[in-house]
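K.L.:
This structure is in structure tokens; I'll ask about it shortly.
Each value in this text was obtained by applying a stated rule to the coordinates, not by laboratory testing. Quantities reported herein were computed from a predicted structural model and do not represent experimental measurements. As a convention, Cβ positions derive from the backbone with ideal geometry for all residues, glycine included, and neighbour counts pool all protein chains shown.
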Amino acid sequence: MTARIQVPREVQRGAVFEVRIAIQHPMETGFRYDLMGKPIPKNVINTLVCRYGGAEAFRAELGSGIAANPYLQFYTVAEASGDLEFSWVDDAGERGSERVTVNVVE
Amino acid sequence: MEPTKYAALIPGLIRSACIGVHRRLPLFGGAGSARNRLAASVAGACLLHAALSTAAEPQRKIPPSALRSGITFASADVRALQADDFENPGMLWVERGAKRWNDAGGAAKSCRDCHGDAVARMKGVATRYPAFDAASGRVLTLDARINACRTRHQSLDPLPLESDDLLALSAYVAKQSRGMPVEVTIDERTMPSFERARALYYRRIGQFNLSCAHCHEANWGKRIYAETVSQGHGNGYPAYRLEWQAFGSLERRLRACYSGVRAEMPDYGSAELAELQLFLSWRGRGLPVEAPGVRR
């Protein structure tokens, strides 16, 4: 699973900054049938968690209504330089993770 | 355009002009008559006319000033999605391609070991595809060329067409040409392919009995239900298509058009589809490469 994360190059301490993540995933809804008429089992990223400096900063529960290759965007407050660690899991049990470092300046 | 480039086109056009004259010959009546001499001089005039009027280039039905990329027919949200290098889902394939570029994947050499840094060395490469490949003697698309590289220089199996890994590599290579004008070579080697594809473009096919030109030259800008008909250029491909919820090649898009007019779809990797892409690139020559594009 390819994933991309985007954060500002550096953030002022105490400032609100934007975090964006895009993950390559088919997000199979479970409502579709293959060419032989067999249902295609649901397989979506059901949980995504972001930890910032070890503490949970963001959590999302995704379902069938989310398009393929999900893109999420949220805001958090810059407290200290550290890693944003994303981890997610899909219905097939496949796990993915990706991290990016946030540079906080005074 | 420089005349030398199109010099090779002239024999073909003269031939077609002459066929027209020969067909008309019987109309001119009996043997040895003044009418035959007239026919001969008409043929001569046609030759001269063909040579003079096509020294520049064969005429494109949509003049360069009227060319419009497919993205200009899209709604504002689709245009915004393509323009944002992070939100554009195609960039996931570009990123994957960058990894594949440096990874030998079991071979002795990676792409990088021969070609170097793609950002510098692959600049402008995608603008020239499809191109004639001397080793196989046929026109190859960028995807087919990447697979040829794998079998010839890496001793690897070709990647399955439309697989994420192959699309990722072609997206990564094509992205290095973003903003550069499409510029395929039509010369004596690609001419037969070009002519076959041009004939196909104007031939009625399928249960709907439509040619490509009926939509994309005669009726672009109008609507089929909710869809605006584009001019049918390939400069955005490989592209992320919202309808597919996936990234795909121009071949996949062309097959969708065949299906749309209820015609039999050529196989992925067929000569027909490669040649058609060559003709389309010529037809949209000068449009900027947009890969990875986003289309509805």
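K.L.:
Output ³J(HN,Hα) for region B:96-106: one whole-Hz value per residue in order, computed from phi by the Karplus curve 6.51 cos²θ - 1.76 cosθ + 1.60 with θ = phi - 60°, and x for Gly and Pro.
P.N.:
Along region B:96-106, the couplings run 4, x, 4, 5, 4, 4, 8, 9, 5, x, x Hz.
K.L.:
Right, another one. Taking just the C-alpha trace of region B:95-175, give me its Rg and Dmax in Å.
P.N.:
11.8, 32
K.L.:
Among DSSP beta bridges whose residues both lie in the protein assembly as shown, state the antiparallel percentage, nearest 5.
P.N.:
Once the DSSP bridges in the protein assembly as shown are tallied, antiparallel ones form about 90 percent.
K.L.:
If you don't mind, there's one more thing I want to ask. Relative contact order, percent, of region A:3-105 when contacts are C-alpha pairs under 8 Å separated by at least 6 residues?
P.N.:
For region A:3-105, the relative contact order is 34 percent.
K.L.:
Evaluate E = 1/(1 + (r/R0)^6) for B:LYS222 and A:ASP83, where r is the Cβ-Cβ distance and R0 equals 56 Å; express this FRET efficiency to the nearest 0.05.
P.N.:
0.60
K.L.:
While we're here: With a 10 Å radius around each residue's Cβ, average the other Cβ atoms per peptide and rank B:233-241, A:65-73, highest first.
P.N.:
Result, highest mean Cβ count within 10 Å first: B:233-241, A:65-73.
K.L.:
Percent relative contact order of region B:95-175, based on C-alpha pairs within less than 8 angstrom and at least six residues apart?
P.N.:
The value is 38 percent.
K.L.:
Only four residue types carry charge here, +1 at the Cβ of Lys and Arg and -1 at the Cβ of Asp and Glu. Report the dipole size of chain A about the Cα centre in Debye, rounded to the nearest 20.
P.N.:
Using only the charged Cβ atoms, the result is roughly 200 debye.
K.L.:
Quick one: which residues, 5+ away or cross-chain, put their amide H under 5 Å from the amide H of B:ILE205? H built at 1.01 Å from N.
P.N.:
Here the answer is B:LEU210, B:SER211, since their amide H atoms fall under 5 Å of that of B:ILE205.
K.L.:
Further question: Once the dipole of region B:85-212 is set up with Lys and Arg at +1 and Asp and Glu at -1 on Cβ about the Cα centre, which of B:GLY105, B:CYS212, B:GLY90 lies farthest towards its positive end?
P.N.:
Projecting each Cα onto the dipole axis, the largest value belongs to B:CYS212.
K.L.:
Can you find, among B:GLN154, B:MET265, A:SER97, the residue farthest towards the positive end of the dipole of the protein assembly as shown? Put +1 on the C-beta of Lys and Arg, -1 on that of Asp and Glu.
P.N.:
In the protein assembly as shown, that residue is B:MET265.
K.L.:
Using the alpha-carbon centroid of each, what span in Å lies between region A:43-88 and region B:221-243?
P.N.:
Going from one Cα centre to the other spans 33 Å.
K.L.:
Shifting gears a bit: Out of residues 5 or more away from B:VAL294 or on other chains, whose amide H comes under 5 Å of its own, with H placed 1.01 Å from N in the peptide plane?
P.N.:
Amide H to amide H, under 5 Å and 5 or more residues apart or across chains, B:VAL294 pairs with B:TYR240.
K.L.:
Whole angstrom only: what separates the Cα centroid of region B:250-278 from the Cα centroid of region A:1-40?
P.N.:
With region B:250-278 and region A:1-40 each reduced to a Cα centre, they are spaced 31 Å.
K.L.:
Just grab the label-to-label distance for B:LYS109 and B:GLU188, each label 7 Å out from Cα along the Cβ direction, in nm (one decimal).
P.N.:
Once both label points are built, they end up 3.1 nm from each other.
K.L.:
Sticking with this one: Grab the other residues whose beta carbon is less than 9 angstrom from that of B:LEU167, score K and R as +1, D and E as -1, and report the net.
P.N.:
-3
K.L.:
Using the Cα centre as the reference, give the magnitude of the dipole from point charges on the C-beta atoms of the protein assembly as shown (Lys, Arg: +1; Asp, Glu: -1; all else neutral), rounded to the nearest 20 debye.
P.N.:
2120
K.L.:
Which lysines, on any chain, are close to B:LYS61 with Cα under 25 Å apart, when same-chain ones fewer than 8 places away are left out?
P.N.:
Of all the lysines, those that pass the test against B:LYS61 - Cα under 25 Å, at least 8 places apart if same chain - are B:LYS5, B:LYS222.
K.L.:
Tell me, Kirkwood radius of the protein assembly as shown from alpha-carbon pair distances, in Å?
P.N.:
Taking every pair of different Cα atoms in the protein assembly as shown, averaging 1/r and inverting gives 24.3 Å.
K.L.:
Hey, rough spin-label estimate for B:ALA134 and B:ASP157, points 7 angstrom out along Cα→Cβ, what's it come to in nanometres?
P.N.:
If labels sit at B:ALA134 and B:ASP157, their model points lie 3.2 nm apart.
K.L.:
Continuing with the same structure: Given the DSSP H assignment, sum -39500 (n - 2.57) over each helix run of at least 4 residues in the protein assembly as shown and divide by its residue total; what's the result at 222 nm in deg cm²/dmol, nearest 500?
P.N.:
Per the formula, -10000 deg cm²/dmol.
K.L.:
For B:LYS175, list the lysines whose Cα falls under 23 Å from its own Cα; do not include residues on the same chain fewer than 8 positions away.
P.N.:
Result set, ordered by chain and number: B:LYS99, B:LYS109, B:LYS123.
K.L.:
Which cross-chain or sequence-distant (5 or more) residues have an amide H under 5 Å from the amide H of B:ALA246, H modelled 1.01 Å from N in plane?
P.N.:
Under 5 Å from the amide H of B:ALA246: B:ARG241.
K.L.:
Over the alpha-carbon set of region A:3-105, work out the extent along each principal axis and list the three values in angstrom, largest first.
P.N.:
Projected onto the principal axes, the Cα atoms of region A:3-105 cover 58, 19, 17 Å.
K.L.:
Please list 3J(HN,Hα) in residue order for region A:7-15, calculated via the Karplus relation 6.51 cos²θ - 1.76 cosθ + 1.60 where θ = phi - 60°; whole Hz, with x for glycine and proline.
P.N.:
My calculation for region A:7-15 gives 9, x, 4, 8, 10, 5, 4, x, 7 Hz in order.
K.L.:
Right, something else. Give me the inter-chain shielding for B:84-91: mean count of other chain Cβ atoms within 10 Å, whole number please.
P.N.:
For this peptide, the per-residue mean of nearby foreign Cβ atoms is 4.
K.L.:
Can I ask one more? Would you work out which of A:PRO39, A:ALA15, A:SER87 lies farthest towards the positive end of the dipole of region A:1-101? Charges go on Cβ: Lys and Arg +1, Asp and Glu -1.
P.N.:
Value: A:PRO39.
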